[in-house]
1. Where the only charges are on Cβ atoms (+1 Lys, Arg; -1 Asp, Glu), what is the dipole of the chain about its Cα centre, to the nearest 20 debye?
2. Cut-off 10 angstrom, C-alpha nodes, Gaussian network model of the chain. Which of 103, 53, 82 fluctuates the most?
3. State the percentage of accessible surface on the range 89-168 attributable to carbon and sulfur atoms; use a 1.4 Å probe and exclude ligands, DNA and RNA.
4. Working from Cα positions, state the angle (0 to 90°, nearest 10) between the long axis of helix 278-291 and the longest principal axis of the chain.
5. Given only helices, namely DSSP H runs of n ≥ 4 each adding -39500 (n - 2.57), what is the per-residue ellipticity at 222 nm of the chain, to the nearest 500 deg cm²/dmol?
6. What ranking, highest mean first, results for peptides 212-224, 181-193 when packing means the other Cβ atoms within 10 Å averaged over each residue?
7. Let me check I've understood the local charge: for residue 282, count other residues with C-beta under 11 angstrom from its C-beta, Lys and Arg +1, Asp and Glu -1. What total comes out?
8. So what is Rg over Rh here for the chain, counting just Cα atoms and using Kirkwood for Rh?
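The values are calculated or read from the model by the stated rules, or taken from the named source; none is laboratory data. Every value quoted in this text rests on a predicted model; they were computed, and no experiment measured them. A quick note on method: Cβ atoms are made from the backbone with ideal geometry, for glycine too, and the neighbour counts reach across all protein chains shown. Ligands, DNA and RNA are excluded from the accessible area calculation, which covers all protein heavy atoms including side chains. Shrake-Rupley method; radii C 1.70, N 1.55, O 1.52, S 1.80 Å.
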Amino acid sequence: MRWRPRSRLAPRLVASRGRGWPVCGYALLLTLLLGACQPAPYRLDSRYPSANQDERIQFIILHYTDEDDERSLHLLTEPAYQVSAHYLVPAAADGVSPYPILQLVADSQRAWHAGKSRWQSQAGLNASSLGIEIVNLGYPPEEAALPLEQRRWPPYPEAQFQAVAHLLQDKVAQYRIPPTRVLGHSDVAPDRKVDPGPRFPWQRLHAEFGVGAWPDEARVALRRQEPFPVDALPWQQALARYGYGVPQSGEWDEPSRQVLRAFQLHFRPARIDGEPDADSWARLNVLLEQYVP
C-alpha cells in the first residue's frame with residue numbers, strides 16, 4: 001500500500017490497484033474524526049500569577065576540586081562517582097581568551113555538589129543552589145593531619161580567578177543572590193569541608209566585582225579594640241545569626257570550633273585556628289551590622 005494525497009488537508013490511503021477506501025482507511029478516518037471532537041481533559045489559565053514565589057536558585061556555593069583538570073572532569077561527569085556541579089572552571093587555560101568554563105549541569109537542574117549542608121534556615125542545599133567547582137589541588141594529601149594553618153595551599157591563578165569572578169557576577173545578577181548567600185563549601189558543611197580554602201580571594205571578589213559579603217575594614221579596626229567574649233554561647237549565637245549551622249551548646253565543643261574555623265577561612269584567612277579572638281569577633285559583628293537586620 002502507498003499514500004496518495006487527496007487534498008492538502010486529508011491524505012487518502014488507497015490500494016496500489018483498484019479504487020476506493022479499504023476497511024482500514026475508513027477506520028482510520030473515523031478514529032481521527034472522533035478524536036478531534038473530544039474535549040481536552042483540562043485547560044491551564046495563567047492569568048493570575050502569585051506574588052509568593054522566588055527563584056529555585058537562592059545560593060551559590062564555591063568548591064575546589066582537589067584534582068587536576070582531567071581528573072576533575074572525569075569525577076564530575078561519570079555516573080559511578082555520584083557527584084556533579086553546574087560549572088567547572090579549569091586551571092590549565094592561561095592565555096586562552098575567552099577563558100573556557102564547562103557547564104556540566106543546566107542551571108534548572110539540581111547538581112550533586114553540596115551534600116549534607118546548611119545555611120540560615122535551609123538544609124540540603126543541592127536543591128536551592130548553583131555549584132561551581134574550581135580546579136585547584138588544595139593542600140598536599142600528606143599534610144592532612146596537620147592543623148589547617150600549617151598546610152600548604154596553592155594559589156588560584158589570576159586568569160582563573162577573573163573567569164570565576166565574572167561568572168559569579170552574571171549569576172548573582174541573574175538570580176538576585178544576596179551577598180550572604182555566596183558561600184564556600186566550608187561555610188555550609190564546616191564539619192566536613194575546607195574548600196575553597198584560605199587562598200581563595202573573597203575580599204577581592206567583593207571589592208573588585210561587588211560579589212559576596214565582606215566586613216568594612218575601618219569598622220573592623222574600631223571594633224577590634226573592644227573586649228571579646230571568651231564563653232562559647234555569644235559566639236554560637238552570633239555565628240548562627242549570620243547563617244552558620246552551629247549548635248547552641250554553650251561549650252567550645254568540636255562542632256563549634258569547626259564553624260569558627262570555617263568563618264575564619266572565609267573572612268580572616270591569615271589565621272584559621274578555630275580559636276576565639278578579637279579580630280574574628282570584630283569581623284563577625286561588623287558583618288552582622290552590614291548584612292543582617
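1. The calculated dipole for the chain is roughly 2720 debye.
2. Answer for the Gaussian network model of the chain: 53.
3. Roughly 57 percent of what the probe reaches on the range 89-168 is carbon or sulfur.
4. With rounding to tens, the tilt is 40 degrees.
5. -10500 deg cm²/dmol
6. Top to bottom by mean Cβ count within 10 Å: 181-193, 212-224.
7. Net of charged neighbours comes to -1.
8. My calculation of the ratio gives 1.25.
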